[in-house]
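A quick write-up on the structure given underneath.
The values are calculated or read from the model by the stated rules, or taken from the named source; none is laboratory data. Quick caveat, the model's predicted, so the values are computed rather than measured. Here Cβ is always computed from backbone atoms with ideal geometry, including for glycine, and neighbour counts include all displayed protein chains. Each accessible area value is taken on the protein alone, full model and side chains, heavy atoms only, with ligands, DNA and RNA left out. Shrake-Rupley method; radii C 1.70, N 1.55, O 1.52, S 1.80 Å.
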Amino acid sequence: MSVPGKSRPVSVPNIIARKGGAPLVCLTAYTTPVAKLCDAHCDIVLVGDSVGMVLHGLPSTLGVTMEMMVLHGKAARRGVETALLVIDMPFGSYEETPEQAFRNAARLMAETGCAAVKLEGGESMRETIRFLTARGIPVMGHVGLTPQAVNAFGGYKVQGRGEGAERIRRDARAVAEAGAFAVVLEKVTEPLARSITQEIPVPTIGIGASPACDGQVLVVDDMLGMFSDFRPKFVKRYAELGSEADAAIESYAEEVAARRFPGGEHVFVEAAPGASVGGNR
Ligand code: KIV
């Protein structure tokens, strides 16, 4: 599909140029096959630290390590040809000092081949984002509900209601001014996301935010119906692969128990005398 304003392969300047233009399409991916599926349709493929909850069964993103992000980043890289590959910096890998953030961001880029990193936080991350971007590391910001701060928030609550709105606006401004090429707005009220999108000069990528954002992101396993531990309002299920997989596994188990699988078509026969042996038949 050719959409005006879209160019491939996608670069950081291409993403910035899409401010106010054709909406940016972004999904998470943590493995080669899923990254390949997303690459065909997305401008940005994000190796989110949601991988900890979605694939590793962790209770939050706090236990995600650099090693996990490198491993999944390399896997996603093998599936991405033209989208922009962005990798999340995990909790504890960037908050201490700008130097610590640089070391870990440089490691993610060097070892995985990703084009950019994403980190959570607004005003408190201003200096770090400035430090990274001045040294050639493109940064995507993430404000509003920042899941790595779940304990400080006391849960995964909607952000930006009442007085909280001005803090989020300041956070988004700070991140943009510091040089982020795009900003994720997560679970903030719709009017606030709309107004921040109008105000800041770089694209906003909404998740539970507003259709007015410059792009949208979802966790791919959520929208495919593969991950059901949480079901936030903002997730639209485009498929029910979890139930389909459950039904398929149930059928397999029944057929194995009843010796109906494998059938004649799944087993190998003796070679006829003189016929060549080997092969897959
Ligand atoms: O970790 C993640 O998947 C994310 C997106 C939901 C934005 O940060």
Could you order peptides 56-65, 220-229, 40-49 by the average number of other Cβ atoms within 10 Å of their residues, highest first?
40-49, 220-229, 56-65
Within the range 217-232, the residues whose backbone N lies under 15 Å from a label point placed 7 Å from the Cα of His41 along the Cα-to-Cβ direction are 217-226
Taking a probe of 1.4 Å and leaving out DNA, RNA and ligands, the chain shows per residue an accessible area in Å² of 50
Could you work out how far helix 190-199 tilts from the main Cα principal axis of the chain, as a 0 to 90 degree angle to the nearest 10?
60
Express in nm, to one decimal, how much length is gained between Thr65 and Arg135 on full extension, taking 0.36 nm for each residue of separation and deducting their alpha carbon distance.
22.9 nm
With angles folded into 0 to 90 degrees, how steeply does helix 98-112 sit against the dominant principal axis of the chain? Use alpha carbons for both and round to 10.
30
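Over 21 Å between C-alpha atoms is what I'm after, so list which of Lys157/Lys233; Lys36/Lys74; Lys187/Lys236; Lys118/Lys236 land there.
Cα-Cα > 21 Å for Lys118/Lys236; rest within.
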Give the angle, between 0 and 90 degrees and rounded to the nearest 10, that separates the Cα long axis of helix 164-178 from the longest principal axis of the Cα atoms of the chain.
90
For the chain, with all protein chains present and a 1.4 Å probe, just round the carbon and sulfur fraction of the accessible area to a whole percent.
57
Stretchable slack from Leu58 to Tyr252, in nm (0.36 nm times residue separation minus alpha-carbon distance)
67.0 nm
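Of all DSSP beta bridges located in the chain, what percent are antiparallel, nearest 5?
About 5 percent, rounded to the nearest 5.
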Could you go through the range 242-249 in sequence order and give the Karplus-derived ³J(HN,Hα) for each residue, using 6.51 cos²θ - 1.76 cosθ + 1.60 with θ = phi - 60°, rounded to whole Hz, and x for Gly and Pro?
x, 5, 4, 5, 4, 5, 5, 5
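Could you work out the relative contact order of the range 198-281? I mean the mean sequence separation of Cα pairs under 8 Å and 6+ apart, divided by the number of residues, in percent.
15
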Tell me the relative contact order for the chain as a rounded percent, counting alpha carbon contacts under 8 Å between residues six or more apart.
15
